[in-house]
Structure formats: C-alpha cells, structure tokens
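One structure is given here, and the rest of the page talks about it.
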Amino acid sequence: MRVAPEQLKAFLLDKKLVTKDQLKKAEEIVKGTNKKLEDVLIDKKFITNGQLIQLKAYILGIPFIDLEKVDIKPEVLRIIPEPIARKHNIIAFKKTEDELEVAMVDPANLQTIDFIKKKTNLKIKLRLTSLKGIKAVLNRYQKSLEAEFGEIIKREAKKTELPKISLIRRKKEGEVEEQVSLEKAAEELPIIKIVDTLIKHAVLQLASDIHIEPIEKEVIVRYRIDGILHDAMTLPSQVHSGIVARIKVLSDLKLDEHRLPQDGRFKIQTRENQKISFRVSVLPTFFGEKIVMRLLVEEAHRFTLEKLGFWGETLERVHAAIRRPFGMTLATGPTGCGKTTTLYTILEILSKPEVNICTIEDPVEYQILRVSQTQVKPKIGFTFATGLRALVRQDPDIIMVGEIRDNETASLAINAALTGHLVLSTLHTNNAAGAIPRLIDMKVEPFLIASTINLILAQRLARRLCPESRQKYHLTKAEIKAMAKDVDMEDLLGVLKREKIVSSKVTWETIDFYKPKSSKDCPDGYKGRIGIREALEVSETIQQMIVKRATSDEIEAQARKEGMLTMLEDGFVKAIQGITSLEEVLRVTRE
C-alpha cells in the first residue's frame with residue numbers, strides 16, 4: 001500500500017497543494033540528494049506533514065484520523081506496547097469485541113500490522129494519521145503511568161527504612177559514619193526509583209522547577225508549571241534524607257554538609273534523546289534541607305524574537321539597537337521572567353563568523369554556537385567584574401554580562417560599551433525606566449548612562465490560553481472604565497487599528513476578549529507562556545533627562561509620548577489577539 005511518486009505528483013497538483021514551480025524545485029533537489037520527494041516538499045515547507053498524510057489517505061482510500069482529538073482509553077492504548085508504538089509510529093485507539101482500530105503514518109509497514117494481528121487475535125482496521133498526532137499520543141503512555149508512578153513512590157517509601165542521620169554525633173569518626181550512611185541511602189533502590197519518578201513526572205508535565213520541601217512529618221513535592229507552583233505529591237518524612245543524598249550524589253555535592261547552602265548541576269537524556277540539565281540548589285531549613293531543581297531543556301532556546309512575543313514597534317526597536325556597532329542593551333525584570341532567554345535569542349541573531357562574541361554568566365544555561373561562554377566562580381574570586389576585565393582583552397565585538405549586580409560590574413560594562421563594544425546585560429528592576437535610577441544608585445555617572453545605553457527592555461511571562469478551550473466575551477462599560485485608569489484607551493485603540501490587529505470600525509465594547517476554560521489537556525485553561533514587554537529607546541530627549549537626573553516616572557512619561565507601549569498595554573494587545581487573558585496580564589504586571 002504505497003503511493004507511487006507520479007501518482008503523488010498528480011494529486012498534489014490536482015488538489016492545488018503545491019505549484020508547478022515548487023514541484024519542479026523539489027524534483028531538482030531529489031535528483032541531487034536522493035531524498036524522497038515527499039520529504040523535500042516538507043523540508044521546504046511547500047506542504048505540511050499533516051496535508052501529505054491526508055492526501056495519501058485520500059489516494060489509498062484509507063480514512064484519516066486526527067489522534068489529537070481522540071479520547072483513547074488507557075487499556076486500549078496499551079494493547080500495542082510502547083516500544084513498538086514508538087519504533088513503528090503506530091497507535092491502537094479503539095477496540096470492539098473482534099476489531100482493533102489502529103492509526104499509523106506508513107501504511108506499507110505490513111509486517112508490524114501482521115504482528116499486532118497475531119498478538120491480539122483481532123481484525124485490524126487501519127487508519128492514517130499525522131506524525132504530530134502519533135507523538136501527542138505517545139506522551140499518553142507516560143501520562144497513563146502517572147498514577148502507577150505515584151503508587152510506586154508510596155509503596156517504595158514504606159519499604160525504605162533509612163538511618164536517622166540527624167541524630168548521629170558530628171565527631172571525627174561520626175562524620176565518616178554519617179557519610180557512609182548517606183552514600184548507602186543514596187544507592188538504595190527505592191530511593192533511586194523515587195527520585196527518577198519525580199524527575200520523569202516533572203519532564204512529562206513540562207515543569208520548569210522541582211521543589212522538594214521538608215515539613216514536620218512529611219515531604220511536599222511541588223512543580224512549577226507555566227510559572228505557577230502546583231502540589232505534585234506528599235511523601236513520608238523518612239525518605240527525605242535519602243532523596244537529598246541521592247540528588248547530592250547526582251550533582252556531585254558534599255554529602256555530609258547540612259549547615260551551608262550548596263549549588264550543583266547534573267544532566268539526563270530522555271527516550272526522545274532530549275538532553276535536560278538540572279540546576280540544583282540545596283538550602284538548610286528548620287526541618288531539613290530543601291531542594292529546588294531548575295530544569296533547562298538543551299536546544300529549547302532556539303527561538304525567534306517573534307516567537308518570544310515581540311511585534312510591531314518593539315521588535316523594530318530591538319533590531320535597531322542590536323544593529324548598532326556599540327552601546328548597551330539591557331533586559332530587566334524579576335527572576336524567572338525570561339531575560340536570559342531574550343538575550344540568548346539576540347545572541348543567536350548576532351552570531352556570525354565575522355564577529356567575536358564572549359559572555360560571562362552565572363550559570364551558563366545553554367550553549368550557543370560560535371560564542372565563547374564563561375561561568376563565574378565567586379568561591380575562587382572569579383566574579384562578573386574579574387571575568388569582564390578578562391573578556392575585554394579577548395578582542396570581543398559583542399559582550400554579554402549575565403547580570404549587573406554591583407558598582408564595579410556596572411562601571412566595567414559601561415566602559416566596554418564606551419570603547420566600541422556592543423554590550424548586552426540584565427538588571428533587576430520593575431520596569432524599563434527603573435533601570436536608570438538603579439544604575440545611578442550603583443554610582444554610575446548619569447552622562448555615561450545617557451551616552452551608552454541604546455535600549456532598555458522590561459518583561460514578564462504570561463500564561464498562554466489553550467486555543468481549543470478558550471471562551472470569548474466582551475468587556476462591560478464598568479470594566480472599560482476600570483481599564484482606563486491604567487491605560488490610555490484611545491491611544492491603544494489607535495495602535496491596534498494602525499497595526500491592523502482590529503478592524504477600523506470596532507469599539508472597546510465590540511472587541512473580542514477571551515477567558516480560560518478547563519479541558520482535558522489544559523486543566524486550568526492555560527498551556528505555555530508568552531512574553532509581554534516594553535522597550536524604552538534612549539532618544540536625545542531622554543538622554544538630556546537622564547543627565548538632569550529626571551525620575552523614572554518622568555522618563556517613562558516621555559518614552560510613552562515617543563511611542564513606547566508599556567508592558568500592561570502590550571499585554572492588552574496579546575489579550576485581544578486571544579494569546580492570553582486580561583486576568584493573566586493583570587496578575588503578572590501588578591505582582
């Protein structure tokens with residue numbers, strides 16, 4: 001059951017899925033590379049994988065099914081073992097007394113179909129589906145195991161009897177005894193299973209952080225998902241010391257140190273060959289050591305500015321700032337708001353063979369091609385300031401400083417920007433205009449700030465609405481009146497019309513907004529996050545205001561006159577586009 005190339009070409013043209021020119025280009029590539037025609041068409045984005053599968057289904061007379069919209073019972077899903085489903089891209093999705101309906105990508109894989117028929121002793125009804133649909137359902141194998149994992153943790157926790165390490169005296173001999181006990185606890189099979197399960201849960205649920213918090217009689221595990229902490233599970237207190245020891249072993253930390261904080265990291269690889277780095281922080285608390293692990297998915301940083309939520313005037317200002325040969329661009333906001341991801345995305349745009357890019361970071365979160373990245377080590381005196389001094393002697397064109405924390409680092413970064421380097425860095429302030437008084441507090445002269453800073457970005461991360469379950473509504477007059485206290489409604493509507501986000505005839509009463517609605521895939525109505533930002537361009541007028549030590553409110557007012565949208569206004573635009581909700585925008589901008 002294969003579709004012949006000539007047959008595929010004829011149907012592609014007949015259904016107007018590709019043009020003759022596109023088909024001709026694809027055929028030329030096929031001759032030169034020996035690739036399949038359909039693979040080239042997908043690689044060149046002339047056609048999507050979903051369109052191709054649906055067309056094949058039409059040609060072969062096999063029904064097409066969208067697995068993402070099918071509710072599959074766990075017992076039906078497991079009829080085909082996960083390794084076979086994953087290897088051959090085949091899913092069992094419906095079963096009757098004597099029939100099993102399966103969906104697959106390659107209908108020519110008759111050997112696998114025959115194997116399943118013999119194994120199940122059922123008549124097989126074949127359906128075609130997309131690779132995207134297969135991948136979505138493969139995750140359900142893991143999801144259907146969540147309850148089973150929870151039972152494993154509770155069952156194994158009951159079996160685990162660990163020494164009460166806190167009661168061992170800290171003598172010279174005692175310290176050796178304690179370390180031996182901890183190493184033994186870390187290598188106990190139940191403890192390994194528990195830690196592995198906690199990590200699998202976190203990866204499966206796309207968590208950004210794992211919190212393991214001891215309280216008086218229990219250990220609470222929480223995951224941060226889309227910026228919000230959720231309780232994951234509660235474990236008996238007797239497993240706490242073993243879990244801490246296991247994570248310390250993985251992170252190469254001191255097992256017998258309980259009085260001081262420790263930081264480490266380790267890396268895992270999932271079945272899909274996805275590499276995930278874990279940044280580990282251990283903090284002594286009243287009831288024992290608390291652990292927070294940050295999950296960093298390698299290669300997940302390959303974004304574009306548009307995907308991060310930049311658009312319109314803000315996007316143009318960023319591109320204008322990074323095209324300049326020298327000066328400084330700052331990203332501001334609280335911890336975890338995506339500042340580093342924004343700067344990494346900018347570095348990937350700037351990374352070219354003809355430029356030398358160097359960074360000094362704490363920690364190095366992701367590796368970037370052709371960029372020399374350096375990790376600070378304060379314990380040995382290698383700080384941002386000492387690292388930056390060394391970087392300027394490396395003949396850099398572009399420098400990224402992970403964070404400006406003190407006067408010395410601020411002065412060195414400003415001097416680097418003054419001497420012909422393009423400098424990128426982050427700063428902890430609430431808004432873009434707040435970066436200027438913050439630098440002045442660090443004893444940087446206002447005239448130096450005015451002459452070096454090109455652009456200041458401020459940002460927050462808002463949760464994305466699930467498009468399938470969001471609910472449309474309109475604002476009431478009372479809600480519009482309340483919004484007008486924080487936003488110039490007339491100017492914002494003008495921006496929306498100018499950018500063609502809304503039609504020229506709409507009013508605030510007729511614009512569609514969206515609320516979250518719970519669904520199976522999105523229990524709270526949200527999935528993923530999007531950046532909301534403001535971009536303050538340092539114009540000549542603002543330069544003069546900085547030199548005169550104007551307040552941040554005065555600088556922000558002038559920036560708004562010059563066309564800057566605030567974070568709140570940018571959030572409103574994304575709410576109108578249906579990307580997020582007004583409630584979410586207000587939550588992240590008013591915290």
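The values are calculated or read from the model by the stated rules, or taken from the named source; none is laboratory data. If you're wondering where the values come from, they're calculated on a predicted model, not measured in any experiment. For neighbour counting, all protein chains shown are included, and Cβ atoms are generated from backbone atoms with ideal geometry for every residue, glycine included. Accessible surface is based on the protein model in full, side chains and every heavy atom, while ligands, DNA and RNA are left aside. Shrake-Rupley method; radii C 1.70, N 1.55, O 1.52, S 1.80 Å.
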- Hey, got the Cα dimensions of segment 523-591 along the principal axes, in Å, largest first? 52, 22, 16
- Message: With only alpha-carbon atoms in the gyration tensor, what are the semi-axes of the equivalent ellipsoid for segment 1-102, in Å, largest first?
- Response: 32, 15, 12
- In whole percent, how big is the carbon plus sulfur part of the accessible area of segment 329-476, probe 1.4 Å, protein atoms only? 49 percent
- Message: So, R0 is 25 Å and r is the distance between the beta-carbons of Leu283 and Asp524; what FRET efficiency does that work out to, to 0.05?
- Response: 0.30
- Query: What lysines sit close enough to Lys515 to cross-link, taking a C-alpha to C-alpha distance under 24 Å and skipping anything fewer than 8 places away on the same chain?
  - Reply: Lys69, Lys307, Lys472, Lys477, Lys481, Lys485, Lys497, Lys500, Lys505, Lys527, Lys574
- Here, segment 476-524 modelled as identical Cα point scatterers in vacuum has Debye log10 I(q)/I(0) at q = 0.14, 0.21, 0.30, 0.31 Å⁻¹ of -0.49, -0.80, -1.17, -1.21
- Message: Given R₀ = 60 Å, what would the calculated FRET efficiency be for Lys125 paired with Glu218, taking r from the Cβ atoms and rounding to 0.05?
- Response: 0.75
- Message: How far apart, in nanometres, would the label points at Ile440 and Gln7 be if each is projected 7 angstrom from Cα along the Cα-to-Cβ direction?
- Response: 7.6 nm
- Query: With all protein chains present and a 1.4 Å probe, how do Asp252, Asp406, Asp491 order by accessible area, largest first?
  - Reply: Asp252, Asp491, Asp406
- Note on the structure: The answer for the per residue Cα convex hull volume of segment 379-512, in Å³, is 208 Å³
- Query: Ranked by accessible surface with a 1.4 Å probe, highest first, in what order do Glu354, Glu68 come?
  - Reply: Glu354, Glu68
- Query: Excluding ligands and nucleic acids, what accessible area in Å² is computed for Glu316 using a 1.4 Å probe, to the nearest 10?
  - Reply: 120 Å²
- Item | Accessible solvent surface per residue of segment 304-458, calculated while the other protein chains remain in place, 1.4 angstrom probe, Å² | 41 Å²
- Task: Return the aspartates and glutamates within reach of Lys95: Cα separation strictly under 15 angstrom, same-chain partners fewer than 8 residues apart disregarded; answer none if there are no such residues.
- Result: Asp71, Glu75
- For segment 460-545, projected area of the alpha-carbon convex hull averaged over all directions, nm²: 7.9 nm²
- Task: Note down the accessible area of His474, probe 1.4 Å, to the nearest 10 Å².
- Result: 90 Å²
- The answer for segment 459-591, accessible area per residue at 1.4 Å probe in Å², is 54 Å²
- Query: Taking a quarter of the surface of the convex hull around the Cα atoms of the chain, what do you get in nm²?
  - Reply: 34.4 nm²
- Message: How large a share of the accessible area of segment 1-83, in percent, is made up of carbon and sulfur atoms when the probe is 1.4 Å and the other protein chains stay in place?
- Response: 51 percent
- Query: Tell me, what is the 1.4 Å probe accessible area of Lys217, in Å² to the nearest 10?
  - Reply: 150 Å²
